[in-house]
Amino acid sequence: MLSIKDLSVSIYGKPILKDFNLEVNAGEVHAIMGPNGTGKSTLASVIAGRDMFDVDKGQITYMGKDLLEMEPETRAREGIFLGFQYPVEIPGVSMANFLRTAINERRKYHDLEPLSGAEFLKMMEERKKLVDIHSKLTNRSVNEGFSGGEKKKNEIFQMAMLEPKLSILDETDSGLDIDALKVVANGVNKLRKPENATIVITHYQRLLDYIIPDFVHVLFDGRIVKSGGKELAIELEEKGYEWIRKEAGIEEPM
Amino acid sequence: MPELTQNITSEQMMINLFRENFDAIVASEPKAITALREKAIKEVEARGFPDTDTENWRFTNLDPLFHAPYRFDFTNQSRPFDIDKIFTCDVYDLDTFSITLLNGWYVYQNAPLTTLSNGTIIGSLAKAMEVYPELVEKYLGSAADLQQPSLSALNTAFFQDGIFIYVPEGIEVEKPIQIINIIDSSEPLMIHTRHLVIQEAGSKLTLVHCDHSLTHNISLTNSLSETFLEKEASLDFYKIQNKGRNSAVVHNAYFKQKQNSNLNSHALILNGGFTKNMINVELEETEAHAVLNGLYLVDNNQHVDNQLFVDHAAPNCLSEQLYKGVLDDEATAVFSGKIMVRKDAQKTLAYQNNKNILLTDEAKANSQPQLEIYADDVKCSHGATVGQLDPEAMFYLRTRGLCERTARQLLMYAFAGEVVQRIAIDPLRERIDQLVEKRLKGELSICDQCVLHCNSKEPTVFNIDVSKL
């Protein structure tokens, strides 16, 4: 589904990802772990299409297409979803108006008829339950005045509405208490399908107790330095990241 | 002496016009009003018109506006006619008591003064001067400052008619009163309209003031309104401007507020040619509140200048200013908002915010917030931004599948929405909301989709083009 080959990315001339490689197939859940500042969020942003980064080298192929050639909205319509670490507050844009526009622009792209108001509202009511959202979203502005937990639930709710093929969840667990974390993880698990794939980016192993990954990759200094199964996450939780730094021969940052 | 007239200043031209037509202008009005005119024309002589060296007028040049072969009507030229035939307001559900001014004169389709069953008097100012001279004399000219650099003195010298509204003590006027100000002239026209609104203690009023032009001819409107809010009086005021590109409007609004009175003002400029709106609020007594909202959406070479002055003269008052604008093409906007907090005005709360979005490199916005504070126990803030849409929000929307154009429209619509949401009349808010959305999509034709639905044959299409952002 997703194939990243020798990807090097920099910002203002400062290299962040260095010869990064990753293969993700349908049905798989990949966890990308690592200390802060190693390039995890950059990876998510580059896949989603943020233009502040320079891709110096390498390629990303998604469903057989050159992803880097696509605008962010085209990537979204082709089935890529980014769950933001810091969801943006957009005052004055209602959740309902925003999501309906998003869904219908995607449907138009795939030559489908737009959803009617009634169909859309029914879908919204159904999917809200997935992530325990009880409030009326129709009149609320996107993320405005949402608590940290609500914002993250709202990301998963949008994922449920947009039905992506490849979801990238960037630090979705940060700032969540254990109850909210369970709700979010539960939502993600319910949305898992054999034809879809998920990349979970996280600093802590905690989330992976609830979203069980097929593969765990450790990102250090812009590269994957170690990959393994779900037991790697547990090992990291016990021993921290230091031993990997030593094993990979990476110098300690200043 | 045609050569001479070519070389005289705009001020001298207007002074001469005043002297030559003095008898027609003063007609049979009360002596006190004539004395006021004499005083005003002396101010014009002494001070002249504001020019670009004048603070608050640096970015707005009046002078070219006076160089057109204007027609002046010193008597009412409007014949009785059925206003519905040339004009219908298309805010369908808006149930108002509407009154119309044609070329600055009250349209005599009904009686020139109407007294509602609750005692409220609505009608022509010229007629009110005749019927209620004491009342008019007491208030007229007492709020307007003839010495400040504006065209207030010129209006005072020349005004002939306008709207007069008197709301008695404790009366709540249920239906909004709608003033429809229409310009329909085959020649260039200069008009000086004057409004007087008196609200006695505890009264409540909603006033919707719509400015519209039926032709694309040159016109200059120099209007002035004085509004008096006595103790605990409350006014919800809307000024909607939707005028042709060749129209120029200079409007001076003066509000004087007594204890516990409430003013909510909304200036909505969807299209305006040349617009200079001045709002002067004096919070004379304690606990008075004034909220001034504004939205301007302009394109081509339109120029809109909003100048606000809020004078906190008494303690415990609150004022808030929120003005937002979207500018396309070579459009220019000026915002100057001054908050004055006098020495005795302790516990003042005063907030000011002006935000502009520019769609092109040629569009320009000048924002000049000014605070002058002489009291020590006050809470004041001001902010001004001129910029583009939030790139983070743009990216967020695009990652959900919205194309750049749709994302921009949605964000601009939301930007304007902050002001639109403050409109308290439901049908008007819904209509303005639709208009703003259409305007931002470039789908709005001024003549078949505007608030004021006219029969002009030359539809003008609004075209704020979001793809330029």
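The values are calculated or read from the model by the stated rules, or taken from the named source; none is laboratory data. Everything numeric in this text was worked out from a predicted model, so none of it was measured. Don't worry about glycine lacking a Cβ; one is built from the backbone with ideal geometry, like all the others, and counts go over all protein chains shown.
A few notes on this one:
- Matching residues in the stretch A:147-163 - criterion: being free of Cβ contacts under 8 Å to residues at least 40 places away in the same chain and either touching a helix residue (DSSP H, G or I) at 6+ places or on another chain (Cβ under 7 Å) or of a type in the set (S, T, N, Q) (or both): A:SER147, A:GLY149, A:LYS153, A:PHE157, A:ALA160
- The listed residues are B:LYS276, B:LYS258, and the only one of them that is touching a Ser or Thr at 6+ places or on another chain (Cβ under 6 Å) and farther than 21 Å from B:PRO176 by Cα turns out to be B:LYS276.
- Which listed residue is away from chain B (no Cβ under 13 Å), under 30 Å from A:PHE20 (Cα atoms) and buried (at least 18 other Cβ atoms within 10 Å of the Cβ), from A:ILE80, A:ILE60: A:ILE60
- The number of residues in the stretch A:43-87 being touching a strand residue (DSSP E or B) at 6+ places or on another chain (Cβ under 7 Å), touching a residue at least 60 places away in the same chain (Cβ under 8 Å), more than 15 Å from A:MET1 (Cβ to Cβ) and not in a loop (DSSP other than H, G, I, E, B) comes to 5.
- Selected residue [surrounded by fewer than 15 Cβ atoms within 10 Å (Cβ to Cβ) and in contact with a Phe, Trp or Tyr (Cβ under 8 Å, 6 or more places away or on another chain)] from A:ILE244, A:ILE250, A:ILE224: A:ILE250
- Among the conditions (1) over 24 Å from B:SER265 (Cα atoms); (2) away from every other protein chain (no Cβ under 14 Å); (3) modelled with pLDDT of 85 or more; (4) surrounded by 14 or more Cβ atoms within 10 Å (Cβ to Cβ), B:ILE464 misses just one, which is (3).
- Residue tally, condition facing chain B (nearest Cβ under 9 Å), in a helix (DSSP H, G or I) and either of a type in the set (A, V, I, L, M) or in contact (Cβ under 8 Å) with a residue 40 or more places away in the chain (or both), over the stretch A:88-104: 4
- Of all residue pairs spaced 6 or more apart or on separate chains, those with beta-carbon atoms under 9 Å, a first member in the stretch A:117-146 that is within 19 Å of A:LYS182 (Cβ to Cβ) and free of Cβ contacts under 8 Å to residues at least 60 places away in the same chain and a second member that is part of a loop (DSSP other than H, G, I, E, B) and of a type outside the set (A, V, I, L, M, F, W, C) are A:LYS128/A:HIS134; A:LYS128/A:SER135; A:PHE146/A:PRO87; A:PHE146/A:GLU89; A:PHE146/A:ARG140.
- Strands (runs of 3 or more DSSP E) enclosed by the stretch B:331-419 - at least 3 residues per element that are touching a Cys at 6+ places or on another chain (Cβ under 8 Å) and away from chain A (no Cβ under 14 Å): B:349-358
- When A:ILE199 is tested against (1) in contact with a His (Cβ under 6 Å, 6 or more places away or on another chain); (2) more than 21 Å from A:GLY79 (Cβ to Cβ), just one condition goes unmet, and that condition is (2).
- Yes/no for A:ASP111 being crowded, with 17+ Cβ neighbours inside 10 Å, part of a loop (DSSP other than H, G, I, E, B) and more than 13 Å from chain B (Cβ to nearest Cβ): no
- Answer from B:THR385, B:THR399 - the residue that is over 24 Å from B:PHE335 (Cα atoms) and either at pLDDT below 95 or among the β-branched types (Val, Ile, Thr) (or both): B:THR399
- Criterion violated by A:ASP54 - all others in (1) away from chain B (no Cβ under 11 Å); (2) buried (at least 21 other Cβ atoms within 10 Å of the Cβ); (3) acidic (Asp, Glu) satisfied: (2)
- Here A:ASN186 does not qualify as farther than 27 Å from A:THR74 by Cα and within 13 Å of another protein chain (Cβ to nearest Cβ).
- Residue in the stretch A:68-75 that is facing chain B (nearest Cβ under 10 Å), among the acidic types (Asp, Glu) and under 17 Å from the mean Cα position of the chain (by Cα) present: yes
- Selection from the stretch A:88-105 of residues that are surrounded by 21 or more Cβ atoms within 10 Å (Cβ to Cβ), aliphatic (A, V, I, L, M), under 18 Å from B:ARG408 (Cβ atoms) and in contact with a strand residue (DSSP E or B) (Cβ under 8 Å, 6 or more places away or on another chain): A:ILE90, A:VAL93
- Residue match in the stretch B:297-304 (condition: in contact with a Leu (Cβ under 8 Å, 6 or more places away or on another chain), modelled with pLDDT under 95 and in a strand (DSSP E or B)): yes
- Test result for B:PHE335, within 22 Å of B:LYS256 (Cβ to Cβ), within 19 Å of the chain's Cα centre (by Cα) and not acidic (Asp, Glu): no
- B:ASP377 free of Cβ contacts under 8 Å to residues at least 12 places away in the same chain, surrounded by fewer than 16 Cβ atoms within 10 Å (Cβ to Cβ) and either in contact with a Gly (Cβ under 6 Å, 6 or more places away or on another chain) or over 16 Å from B:TYR296 (Cβ atoms) (or both): no
- Any hit, the stretch B:107-121, residues being crowded, with 16+ Cβ neighbours inside 10 Å, at pLDDT 95 or above and in a strand (DSSP E or B): yes
- Every residue from the stretch B:131-166 that is in contact with a strand residue (DSSP E or B) (Cβ under 9 Å, 6 or more places away or on another chain) and under 19 Å from B:ALA24 (Cβ atoms): B:LEU154, B:ASN155, B:THR156, B:PHE158, B:PHE159, B:GLN160, B:ASP161, B:GLY162
- When residues of the stretch A:126-165 are limited to those that are within 12 Å of chain B (Cβ to nearest Cβ) and polar (S, T, N, Q), the one surrounded by the most Cβ atoms within 10 Å (Cβ to Cβ): A:GLN158
- Test: residue in the stretch B:191-212 that is among the polar types (S, T, N, Q), surrounded by fewer than 23 Cβ atoms within 10 Å (Cβ to Cβ) and more than 28 Å from B:LEU283 (Cβ to Cβ): no
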